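Heads up: the structure comes next, in C-alpha cells.
Throughout, read-outs are computed from the coordinates displayed, never taken from laboratory work. Just so we're clear, the structure is a prediction, and the values are computed from it rather than from any experiment. A quick note on method: Cβ atoms are made from the backbone with ideal geometry, for glycine too, and the neighbour counts reach across all protein chains shown.
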Amino acid sequence: MRFDVVTLFPEMIQEAATNGVTGKAIEQERVGLSVWNPRDYTHDKHRTVDDRPYGGGPGMLMKCQPLCDAVKDARKKNEKGDTKVVYMSPQGKQITQNLLIEASHLSQLILVAGRYEGVDERFINSVCDEEWSLGDYVISGGELAALVVIDAVTRLIPGVLGDDDSAKQDSYMDGLLDYPHFTRPEESELGVVPNVLLSGNHQLINRWRMKQALGRTALRRPDLLKVKELSAEQSALLEEFKNEIQDLD
Ligand code: 4GX
C-alpha cells in the first residue's frame, strides 16, 4: 500500500514518518510514501496557495487549483487497485480501528492536510472521497492527523510488526482496554507486583489479565462494553471483578 500526503509542510511528514515502525516499513518497501506540496503547483510569481474567504471574515483558505493538481499527480503513482482521497478535519467522520483496518486494504491512500482556516469547500466535495477526524479538538494543521493515520494503518500491514507484536492483534481482547503491565523490580517504593504474575501459572495469569481488561473497560469505557459480546467466562470474570471492588468498601 502507498500513502501520498498533500501538504504545505512536506518535511513534517517526511521527518516523522521515516522514524520507528513507519520508517522501517518504508525502508523494507512494505509501504510507499510521497509528499506533494500544493505550492509546487502554483503558476504565479508569489506561488500563492491561499486566498480570502468569500463573505468576509478572518483568516485565509487554501485555493482549489494547487490542491487539485497535487492530488492529480499523486493519483498517477497508483498503478492498480483502489485509491481513496481523504481530507483531515474536525468536520469528518471520527477515525476508529475498524475504519483504519478497512483503509489498510486500499492500494493508495491520499491524505490532504489543510492549513489556515481550511480549504475551499468545492475541493472537499469534488475531489475528496471522505473527510476524517482525529476527534473533537482542533490542531493547527492536518499534518499531525495524516501522520496518525499513516502510523496506525502501517501497523496493520502484514509483516510490519514482529510476531510478538502482531499477536496483540489477536481477536480475543478486541474491543477491550489493555490489562496492567509490570516489570522488574518485584518490589519498590512504588509498590509490589501482583502475586499471580509471579506464579508461573499461565492459565491463572491469562484469567487475571482478562479480568483486569474487562474490569478496566467497565470502569473507564462502559461505552465499549455495551457493544461487545462477552463469552460466558468473560461475563463471570467481570462479575468477579465487580464483586472484588465492592469488597474494598
Ligand atoms: N482531525 N485540523 C484541518 C484546517 C481546517 C480548518 C477548518 C477545515 C475547516 C483535525 C482533526 C484538525 C485543524 C485539521 C484544522 N479544515 N484534523 N485544519 N481534529 O483539527 O483531523
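Quick look at the numbers
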{"quantity": "Farthest toward positive dipole pole in the chain [+1 Lys/Arg, -1 Asp/Glu at C-beta], among Met210, Gly175, Val153", "calculated": "Val153"}
{"quantity": "Cross-link reach list, lysines versus Lys242, counting only Cα pairs under 26 Å and skipping chain neighbours closer than eight places", "calculated": "Lys168, Lys211, Lys226, Lys228"}
{"quantity": "Furthest towards positive pole of dipole, Ala113, Cys64, Gln94, structure part the chain, Cβ charges", "calculated": "Cys64"}
{"quantity": "Rounded to 5, percent antiparallel among DSSP beta bridges of the chain", "calculated": "15"}
{"quantity": "Loop sites in the stretch 139-215: chymotrypsin sites (Phe, Trp or Tyr not before Pro), DSSP, at most 15 other Cβ within 10 Å", "calculated": "Phe182"}
{"quantity": "Distance histogram for the stretch 1-41 (every C-alpha pair counted, 10 angstrom bins, percent rounded to whole numbers)", "calculated": "31, 52, 17, 1"}
{"quantity": "For the chain, alpha-carbon Rg over 2.2 N^0.38 Å", "calculated": "1.29"}
{"quantity": "Loop-located GluC sites (Glu not before Pro) in the stretch 21-93 whose Cβ has at most 10 other Cβ within 10 Å (DSSP)", "calculated": "Glu29, Glu79"}
{"quantity": "Nearest-20 debye value, the chain charge dipole, Cβ charges on Lys, Arg, Asp, Glu", "calculated": "620"}
{"quantity": "Whichever lysines have a C-alpha closer than 21 Å to that of Lys76, once near sequence neighbours (fewer than 8 apart) are set aside", "calculated": "Lys84"}
{"quantity": "Part-to-part distance (alpha-carbon centres) for the stretch 98-112 and the stretch 56-92, which is given in Å", "calculated": "15"}
{"quantity": "Exposure proxy order (Cβ contacts within 10 Å, fewest to most) of Val196, Val6", "calculated": "Val196, Val6"}
{"quantity": "Paramagnetic reach from Lys72 in the stretch 121-137 [backbone N under 18 Å; point 7 Å along Cα→Cβ]", "calculated": "122-129"}
{"quantity": "The stretch 126-249, dipole about Cα centre (Lys/Arg Cβ +1, Asp/Glu Cβ -1), debye to the nearest 20", "calculated": "280"}
{"quantity": "Mean Cβ neighbour count within 10 Å, used as a protection proxy, ranking 135-144, 239-248 highest first", "calculated": "135-144, 239-248"}
{"quantity": "Which of Val196, Val21, Asn125, positive extreme of dipole for the chain (C-beta unit charges)", "calculated": "Asn125"}
{"quantity": "Loop-located trypsin sites (Lys or Arg not before Pro) in the stretch 165-234, at most 15 other Cβ atoms within 10 Å (DSSP)", "calculated": "Lys228"}
{"quantity": "Sorted peptide list for 80-91, 113-124, criterion being average Cβ within 10 angstrom, highest first", "calculated": "113-124, 80-91"}
{"quantity": "Highest average packing first - 13-19, 41-47, Cβ atoms within 10 Å", "calculated": "13-19, 41-47"}
{"quantity": "Helical contribution to [θ] at 222 nm, DSSP H n ≥ 4, -39,500 (n - 2.57), averaged over the chain, rounded to 500", "calculated": "-11500 deg cm²/dmol"}
{"quantity": "Equivalent-ellipsoid semi-axes of the stretch 1-135, from the Cα gyration tensor, Å, largest first", "calculated": "26, 17, 14"}
{"quantity": "Cα-based shape type of the stretch 32-106, given that a ≥ b ≥ c are square roots of the gyration tensor eigenvalues and the cut on a/c is 1.5", "calculated": "oblate"}
